[in-house]
Every structure is written in C-alpha cells, then in structure tokens.
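Chemist: Okay, here's the structure, questions in a sec.
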C-alpha cells in the first residue's frame with residue numbers, strides 16, 4: 001500500500017470512521033491518494049508475476 005492509501009486497523013471502527021471522514025472532507029487528499037493508487041497499481045503486472053512464478057518453479061526443481 002505504501003503511501004497510496006490510508007491504513008486503518010480493521011478492528012477499529014472509530015479509526016475507519018476518521019479515515020472516511022478525512023476522505024470526505026479533503027478533496028486534495030482524495031486526489032492525491034487516487035493518483036498514488038493508480039501509480040501503485042501500475043507496478044503490478046501479470047507478465048512479471050508469471051516470470052517470478054516460473055523462476056520459483058525452476059528453482060524448486062533444481
């Protein structure tokens with residue numbers, strides 16, 4: 001996740017409410033996190049995942 005999201009404890013409803021309120025009330029924060037989230041998502045690629053998986057399998061059979 002890095003700095004592309006607000007992290008909250010999933011068992012803390014008050015913390016979730018605070019994070020949601022931040023996003024509702026702060027358009028700049030929403031925009032920043034949206035942009036960072038899109039950039040972060042581009043770091044994940046199925047071809048790279050397949051390459052890494054193949055490398056692990058190849059290492060396992062040696």
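Chemist: Report Rg(Cα)/(2.2 N^0.38 Å) for the range 13-61, keeping two decimals.
Modeler: Numbers: Rg = 18.3 Å, N = 49, 2.2 N^0.38 = 9.7 Å.
Cα Rg divided by the expected 2.2 N^0.38 Å: 1.90.
Chemist: How much length would be gained if the chain were fully extended between residue 29 and residue 53, taking 0.36 nm per residue of separation minus their Cα-Cα distance, in nm to one decimal?
Modeler: Contour length minus Cα-Cα distance gives 5.1 nm.
Chemist: Expressed as an acute angle from 0 to 90° and rounded to the nearest 10, what is the orientation of the C-alpha long axis of helix 46-61 relative to the principal long axis of the chain?
Modeler: 50
Chemist: By how many degrees, 0 to 90 and rounded to 10, does the Cα axis of helix 27-41 deviate from the longest principal axis of the chain?
Modeler: Taking Cα atoms only, the helix is inclined about 10 degrees.
Chemist: Add -39500 (n - 2.57) for each DSSP H run of 4 or more in the chain, then divide by its residues: what number comes out at 222 nm, to the nearest 500 deg cm²/dmol?
Modeler: Calculated at 222 nm, the ellipticity per residue is -23000 deg cm²/dmol.
Chemist: Then there is this: Mind pulling the angle between the C-alpha long axis of helix 13-25 and the longest principal axis of the chain? Nearest 10 degrees, somewhere in 0 to 90.
Modeler: The answer is roughly 80 degrees.
We did not get these values from a lab; they are worked out from the coordinates using the rules stated. These numbers were taken from a predicted model, which means no experiment stands behind them.
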